[in-house]
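Participant: The structure follows.
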Amino acid sequence: MDDFYRDFILDHYRNPRNFGHLDHPEASAEDLNPLCGDTIRMEFEVDGGVVRDVRFSGKGCAISQASASMLTETIKGMRLEEIAKLSKDVVLENVGIGISPTRLKCATLGLRVAKSAAIGEIAGWPDEE
Ligand code: FES
């Protein structure tokens, strides 16, 4: 693995960005990687359909936690609809390394949770007449 990316991943793992909980999140979701049982939770503060603030928590390997940490920086300020449509490419770009299919499950855990939180919040909106 390229040293820069390894250091970058370890930095996010050791100093996770936006780690913790929001007092009153409008949207949240939690899920696990069924292969290992590691979990991630995402919480959003939403205003006008835009994620104004985000926190994540959980436990897991360096790739899953670092990838979730990087993702929180990516999605802050995005519209819920944009988050719901994100593909795994955003995670691969963030992590910046080629990873095996097993590690891909680790890297995309946070993305899956973030998309669930966004989709759940969109689904909870009142129907427009
Ligand atoms: Fe559990 Fe990576 S080994 S998420």
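Participant: For the chain, what does the helix formula give at 222 nm: sum of -39500 (n - 2.57) over DSSP H segments with n ≥ 4, over the residue count, nearest 500 deg cm²/dmol?
Facilitator: Mean residue ellipticity at 222 nm (helix-derived): -15000 deg cm²/dmol.
Participant: Size of the dipole of region 24-129 about the Cα centre, Lys and Arg at +1 and Asp and Glu at -1 on the beta carbon, nothing else charged, in debye to 20?
Facilitator: Result for region 24-129 is approximately 700 debye, rounded to the nearest 20.
Participant: What are the ³J(HN,Hα) values, in whole Hz, obtained from phi via the Karplus relation 6.51 cos²θ - 1.76 cosθ + 1.60 with θ = phi - 60°, for each residue of region 21-26 in sequence order, with x given for Gly and Pro?
Facilitator: 9, 8, 5, 9, x, 7
Participant: With a Förster radius of 30 Å, plug the Cβ-Cβ distance of residue 53 and residue 103 into 1/(1 + (r/R0)^6) and report the FRET value to the nearest 0.05.
Facilitator: Step by step, r from the Cβ atoms, then E = 0.55.
Participant: So for 102, 72, 108, what's the accessible-area order with a 1.4 Å probe, most first?
Facilitator: Heavy-atom accessible area, descending, gives 102, 108, 72.
Participant: Write out the trypsin sites (Lys or Arg not before Pro) in region 84-128 meeting two conditions: DSSP loop, and at most 15 other Cβ atoms within 10 Å of their Cβ.
Facilitator: 85
Participant: Same structure again: Hey, can you find the accessible area per residue of the chain for me, probe 1.4 Å, expressed in square angstrom?
Facilitator: 54 Å²
Participant: Moving on to the next point. With a 1.4 Å probe and all protein chains left in place, how much of the accessible area of the chain comes from carbon and sulfur atoms, in whole percent?
Facilitator: 49 percent
Participant: Any chance you could give the angle, 0 to 90 degrees and rounded to 10, that helix 101-123 forms with the longest Cα principal axis of the chain?
Facilitator: Between the helix axis and the principal axis of the chain, the angle is about 10 degrees.
Participant: Name the long-range amide H neighbours of residue 27: under 5 Å, sequence gap of 5 or more, or other chain; modelled H, no Pro or chain starts.
Facilitator: HN-HN under 5 Å from residue 27: 44, 46.
Participant: Rounding to the nearest 10 and keeping the result within 0 to 90°, find how far the Cα-based axis of helix 62-75 lies from the longest principal axis of the chain.
Facilitator: It is inclined by approximately 40 degrees.
Participant: Another question, then. When the Kirkwood radius is taken over all Cα pairs of the chain, what Stokes-Einstein diffusion coefficient follows at 20 °C and 1.002 mPa s, in µm²/s?
Facilitator: In µm²/s, the coefficient rounds to 147.
Participant: Another question, if that's okay. Could you give the length gained by full extension between residue 73 and residue 85, i.e. 0.36 nm per residue of separation minus their alpha carbon distance, to one decimal place?
Facilitator: That works out to 2.6 nm of additional length.
Participant: Summing Lys, Arg as +1 and Asp, Glu as -1, what charge do residues with Cβ under 15 Å from the Cβ of residue 60 carry, residue 60 excluded?
Facilitator: +3
The values are calculated or read from the model by the stated rules, or taken from the named source; none is laboratory data. Quick caveat, the model's predicted, so the values are computed rather than measured. For neighbour counting, all protein chains shown are included, and Cβ atoms are generated from backbone atoms with ideal geometry for every residue, glycine included. For the accessible areas, the whole protein counts, side chains as well, though only heavy atoms, and no ligand, DNA or RNA atoms are used. Shrake-Rupley method; radii C 1.70, N 1.55, O 1.52, S 1.80 Å.
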